[in-house]
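To keep things clear, I will list the structure first and then write my remarks on it.
The values are calculated or read from the model by the stated rules, or taken from the named source; none is laboratory data. Since this is a predicted model, take the numbers as computed values, not measurements. A quick note on method: Cβ atoms are made from the backbone with ideal geometry, for glycine too, and the neighbour counts reach across all protein chains shown.
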């Protein structure tokens, strides 16, 4: 079974890269022209969302450099200690919804300090994989299509991040703490 999965994995991308244009040509689609048109639309979308991305990245830097990360960590520490969540992973949970690269930097620092096999390292890694860059995703997708009012999307996404954080911490604590 594993050899079948490995074979499919090895051939999936090449088959798609060849198969999609062949199917398009067979159906009479001008494949190259369609690709170029799609690339133009993608470039126009990228130009349209740049202001949203710049604003988000500036806000993230202000949040990090102002010391608010430490203040918020101290504020929620009593609550997270009830769930036996170490303070060291709180900055990761705070930055992950804002920035994937910022969260990766926090995760790298945690792993370097505590090691990947420590409870903190395992918890941080699981949190990284269980949460999303919510504000980045909302900025890019909503900015790309011109949505100005996020309505229920933002509270639902933040609730999902909180659930991902808490469940990741709980499962890692249950599975890996002696």
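Tell me, which helices (runs of 4 or more DSSP H) wholly within the range 41-160 include 2 or more residues that are at pLDDT 90 or above and either over 28 Å from residue 177 (Cβ atoms) or more than 18 Å from the chain's Cα centre (by Cα) (or both)? Break it down stepwise before answering.
Numbers: elements: 68-82, 90-95, 100-114, 119-130, 134-145.
Answer list for the range 41-160: 68-82, 100-114, 119-130.
Checking each residue in the range 147-164 for being under 23 Å from residue 53 (Cα atoms) and touching a residue at least 12 places away in the same chain (Cβ under 8 Å) picks out 150, 153, 154, 157, 158, 160, 161. Beta carbons closer than 6 Å, at least 6 apart along the sequence or on distinct chains, pair a first residue in the range 5-27 that is surrounded by 11 or more Cβ atoms within 10 Å (Cβ to Cβ) with a second that is in a helix (DSSP H, G or I) for 21/31; 24/31; 25/31.
Residues that are surrounded by fewer than 11 Cβ atoms within 10 Å (Cβ to Cβ) and either farther than 21 Å from residue 126 by Cβ or in contact with a strand residue (DSSP E or B) (Cβ under 7 Å, 6 or more places away or on another chain) (or both) do occur in the range 77-94.
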